[in-house]
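Novice: This is the structure, below, for whatever I ask next.
The values are calculated or read from the model by the stated rules, or taken from the named source; none is laboratory data. Bear in mind that the values here come from a model prediction, so they are computed numbers and not experimental data. Cβ placement follows ideal geometry from the backbone for every residue including glycine, while neighbour counts extend to all protein chains displayed.
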Amino acid sequence: MATSGQDRIERRLAAILAADVAGYSRLTGVDEEGTHVRLQAHLRALVDPKVAEHRGRVVKNTGDGMLAEFSSVVDAVRCALDIQRGMSERNTEVPDEKRIEFRMGINVGDIIIDRGDIFGDGVNVAARLEGLAKPGGICISDDAHRQVRGKFDVTFEDVGERQLKNIARPVRVFQVALDHAGPAKPIWRSHNAASAVRRAGWSTRITAIGAAVVLIAAAGGAVLYFHLGRAPVVSQLPDQLAKRSERFSIVVLPFANLSGDASQDYLADVISDELTTGFSRFRNSFVISRSTAFTYKGKPINVRQIGKELGVRYVLEGGVQPSGDRLRVNAQLIDTESDAHLWADRFDENRSDLLQMQDAIVHRIALSVGLILTEERARRAQLRAGNPTADDLAWRCSAALMQAPWVSERDSAFRLCEQALEIDPENVRALAHLSLKFSNRVGFFASLDAKADLRRADELASLAIKIDPDYSPAHTAKGDALVVAGRYRDAIDSYERALILAPSTILPGLPLAYNFVGEPEQAIAYADKAMRLSPHVPLRAGPIFYFSKAFAFGMLQDYEQALVWIERAEAPAPDILLMGFVRSALLALAGKEDEARAAMQRYLANDNAPIRTLSQWHARQSGKQLPSYNPLALARLLTFRRNFDDGLRKAGLPE
């Protein structure tokens, strides 16, 4: 008999991800309640947000794991990679006997949907593949492999055909080689390989000059109009931030300018920063940010103490002696545990060969400590030669932005980038840095024409990306512009592309963007990771990371923790007036209304307070991108906005 329309079975093609906890019975036998609590914490803080981020749906939790479906195999694999790497990081300090490690299987096939649950061979194959995976590993079917082949910077090892339980036909299985896997993102390449030869000169390929400093001004100003604050002392830092990493870990200390000419300092700064970026390309490396490294500039060096403070095994230090068109660079690698000099060399090159010199230093150190380098991008030597004068102006702009704490100094730095672009309109470094100038106007100040400034910021960053898609700071600049424009999900995409190219880059705008799309767990996770890479949280970055955590805990309605972090944000930057504005609302939400009203009165007493009424606050929120793709995140964000408004009212902000 024919099936009626009401009884017709719903079917669709889907990618299925099945996961369970390896050795769950053993873990619960040792500590049943503790294992349950830890598993739920992992699901809540990492797994569920990652599934939502990659446009998936958790179908059900299975006690010791979960089942999820995706419309795309690429999304399913990307999600699985992110979760497994996230679990690896979360397990860093956990004893082996207490570690929760997922096994994952991914298949693509026809499924049956019944009252929200899914059934069929497509699901069964994914579950069987999960059982074949190693703890912390991923196995995928041949059907899934065909759809992701060549799209990820990971190795898929063919382990042959397997006869799976209750599956009629053998299934060819591929295992993801996570030990040597690159970033958990699809590979994306220039659409025109031949254009690489025409692209900006070698200077445009040097990555991450002043990335942390450049990002702070635009991204932080998006909501808080952050000015530039002082660094907290080391004793103010959370204890866990200075624990030694088990991976290859290094800090590149600021190279010394040996010329005796202070005007050449910028070359030493540029070389130090470029080497930091070079090391960040090692797989699974832990590279201290250049902003933290520069807190040691000009100070007596105690290598063992630095190793303890930063949690690194190696220190690279050296000096630069420019002479006309030539550069002499001395570099030495030191083991922080033994204080032994492991490697030293001298390089004498033309300025035009600076990039090749950097590559040589990184490669030689890699060989000396037995590291495997990541895949190299298109050979830089094949790129067109840049204009030396424009390159030099762009380097000076980079170095000036690293050091400039005040607006007037940053303005003169931007003028150097403008001069570089007058000579060479395709100088990618200058394009990326100058984009920040216009993001700053909207984020920091009362822009005379916000739409025009945002358009200019986006144009400059987009042109830099078009000229050189592999230049990380160009994607960072694009993210800055998008954050200030309120296009937070798009900003996250740009920041993640920047991280693919330079994994150890510090991006304070990223946790802000995660907060603004209703994903506070992601904001906390990235802020913590960034602070591990930059444990002194120096110069301008600290307040933004601290604020991001305050905002995230506020969204999670943990107002006591939110107050801890907003106070840490305010302490090194008392001139950031909106810190007091935010703190007053959080105090009210924590039930401390007297303190909240006092904080609001102090804020409003300042003639420069940028927001003086609730209506002005609401006007700043209009037109911002909301996470409509994720109902949970949207509901969470809207709830926080309502709660925050209530806090402002209780604190005494006029309507």
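Novice: Give Arg44, Arg103, Arg85 a once-over and let me know the one that is modelled with pLDDT of 85 or more, within 27 Å of the chain's Cα centre (by Cα) and farther than 18 Å from Asn124 by Cβ. Walk me through how you get there before you give the answer.
Specialist: Working: Arg44 fails: modelled with pLDDT of 85 or more; Arg103 fails: farther than 18 Å from Asn124 by Cβ.
Of the residues listed, the single one that is modelled with pLDDT of 85 or more, within 27 Å of the chain's Cα centre (by Cα) and farther than 18 Å from Asn124 by Cβ is Arg85.
Novice: Please pick out the residue among Leu267, Leu275 that is outside the structural domain of Gly86 (by TED's automatic domain parsing), assigned to a helix (DSSP H, G or I), farther than 20 Å from Ala502 by Cβ and aliphatic (A, V, I, L, M). Quick ask: steps written out before the conclusion?
Specialist: Numbers: Leu275 fails: farther than 20 Å from Ala502 by Cβ.
Result of the check over Leu267, Leu275: Leu267.
Novice: What is the number of the single condition among (1) assigned by TED's automatic domain parsing to the domain that holds Leu637; (2) closer than 19 Å to Lys50 by Cβ; (3) of a type in the set (Ser, Thr, Tyr) that Tyr495 does not meet?
Specialist: (1)
Novice: Another question, then. Kindly indicate whether Thr295 is surrounded by fewer than 24 Cβ atoms within 10 Å (Cβ to Cβ), closer than 19 Å to Ala530 by Cβ and hydroxyl-bearing (Ser, Thr, Tyr). Even if it seems obvious, please write down each step before you answer.
Specialist: On the way: surrounded by fewer than 24 Cβ atoms within 10 Å (Cβ to Cβ): yes; closer than 19 Å to Ala530 by Cβ: yes; hydroxyl-bearing (Ser, Thr, Tyr): yes.
Against the criterion (surrounded by fewer than 24 Cβ atoms within 10 Å (Cβ to Cβ), closer than 19 Å to Ala530 by Cβ and hydroxyl-bearing (Ser, Thr, Tyr)), Thr295 qualifies.
Novice: Is at least one residue of segment 174-197 in contact with a helix residue (DSSP H, G or I) (Cβ under 6 Å, 6 or more places away or on another chain), at pLDDT 50 or above and either closer than 21 Å to Ser71 by Cα or surrounded by 21 or more Cβ atoms within 10 Å (Cβ to Cβ) (or both)?
Specialist: For segment 174-197, residues in contact with a helix residue (DSSP H, G or I) (Cβ under 6 Å, 6 or more places away or on another chain), at pLDDT 50 or above and either closer than 21 Å to Ser71 by Cα or surrounded by 21 or more Cβ atoms within 10 Å (Cβ to Cβ) (or both): present.
Novice: For Gly542, work out the one condition from (1) surrounded by fewer than 24 Cβ atoms within 10 Å (Cβ to Cβ); (2) at pLDDT below 75; (3) part of a helix (DSSP H, G or I) it doesn't fulfil.
Specialist: With respect to (1) surrounded by fewer than 24 Cβ atoms within 10 Å (Cβ to Cβ); (2) at pLDDT below 75; (3) part of a helix (DSSP H, G or I), Gly542 is out only on (1).
Novice: In segment 267-292, which residue that is of a type outside the set (D, E, K, R) and surrounded by fewer than 22 Cβ atoms within 10 Å (Cβ to Cβ) is modelled with the lowest pLDDT? Quick ask: steps written out before the conclusion?
Specialist: Within segment 267-292, the first condition is being of a type outside the set (D, E, K, R), and the residues that meet it are 267-268, 270-272, 275-280, 282, 284-289, 291-292.
From the residues that got through so far, the ones that are surrounded by fewer than 22 Cβ atoms within 10 Å (Cβ to Cβ) too are 284-285.
Working: Asn284: 59, Ser285: 69.
The qualifying residue modelled with the lowest pLDDT is Asn284.
Novice: Being among the charged types (D, E, K, R) and surrounded by fewer than 18 Cβ atoms within 10 Å (Cβ to Cβ) narrows it down to one residue among Glu93, Glu130, Glu53; which is it?
Specialist: Working: Glu130 fails: surrounded by fewer than 18 Cβ atoms within 10 Å (Cβ to Cβ); Glu53 fails: surrounded by fewer than 18 Cβ atoms within 10 Å (Cβ to Cβ).
Answer to the selection: Glu93.
Novice: Among the residues of segment 161-173, are any under 17 Å from Phe70 (Cβ atoms), modelled with pLDDT under 90 and assigned to a strand (DSSP E or B)?
Specialist: The first filter runs over segment 161-173 and keeps only residues under 17 Å from Phe70 (Cβ atoms), leaving none.
Scanning segment 161-173 turns up no residue that is under 17 Å from Phe70 (Cβ atoms), modelled with pLDDT under 90 and assigned to a strand (DSSP E or B).
Yes/no per residue for (1) of a type in the set (Gly, Ala, Ser); (2) surrounded by fewer than 24 Cβ atoms within 10 Å (Cβ to Cβ):
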position	(1), (2)
Tyr546	no, no
Gly554	yes, no
Tyr559	no, yes
Ala569	yes, no
Ile576	no, yes
Val582	no, no
Leu586	no, no
Gly591	yes, yes
Ala609	yes, yes
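Novice: May I pose another question? Please go through segment 1-29 and give me each residue that is of a type outside the set (D, E, K, R) and either surrounded by 12 or more Cβ atoms within 10 Å (Cβ to Cβ) or at pLDDT 85 or above (or both), ordered by number. Show your work before the answer.
Specialist: Let us first name the residues in segment 1-29 that are of a type outside the set (D, E, K, R), namely 1-6, 9, 13-19, 21-25, 27-29.
Once the filter is applied, which keeps residues that are of a type outside the set (D, E, K, R) and either surrounded by 12 or more Cβ atoms within 10 Å (Cβ to Cβ) or at pLDDT 85 or above (or both), segment 1-29 yields Ala14, Ala15, Ile16, Leu17, Ala18, Ala19, Val21, Ala22, Gly23, Tyr24, Leu27, Thr28.
Novice: Which one is surrounded by the most Cβ atoms within 10 Å (Cβ to Cβ) among residues in segment 485-508 that are in contact with a helix residue (DSSP H, G or I) (Cβ under 6 Å, 6 or more places away or on another chain) and modelled with pLDDT of 85 or more?
Specialist: Our first condition is that a residue be in contact with a helix residue (DSSP H, G or I) (Cβ under 6 Å, 6 or more places away or on another chain); within segment 485-508, this holds for 485, 488, 490-492, 494-495, 497-498, 501-508.
Okay, now just the ones that are also modelled with pLDDT of 85 or more, so 485, 488, 490-492, 494-495.
Details: Ala485: 23, Tyr488: 24, Asp490: 17, Ala491: 29, Ile492: 24, Ser494: 26, Tyr495: 27.
Of everything passing the filter in segment 485-508, Ala491 is surrounded by the most Cβ atoms within 10 Å (Cβ to Cβ).
Novice: Do we have Asn630 as surrounded by 14 or more Cβ atoms within 10 Å (Cβ to Cβ) and either modelled with pLDDT of 80 or more or under 23 Å from the mean Cα position of the chain (by Cα) (or both) here? Break it down into steps so the answer makes sense when it comes.
Specialist: Numbers: surrounded by 14 or more Cβ atoms within 10 Å (Cβ to Cβ): yes; either modelled with pLDDT of 80 or more or under 23 Å from the mean Cα position of the chain (by Cα) (or both): yes.
So Asn630 fits the description; yes.
Novice: Across segment 464-482, what is the number of residues that are within 14 Å of the chain's Cα centre (by Cα), modelled with pLDDT of 85 or more and not charged (D, E, K, R)?
Specialist: Residues in segment 464-482 being within 14 Å of the chain's Cα centre (by Cα), modelled with pLDDT of 85 or more and not charged (D, E, K, R): 5 in total.
Novice: Next up: From the list Ala446, Ala400, which one is more than 20 Å from His475 (Cα to Cα), surrounded by 21 or more Cβ atoms within 10 Å (Cβ to Cβ) and either small (Gly, Ala, Ser) or at pLDDT below 90 (or both)?
Specialist: The unique qualifying residue is Ala400.
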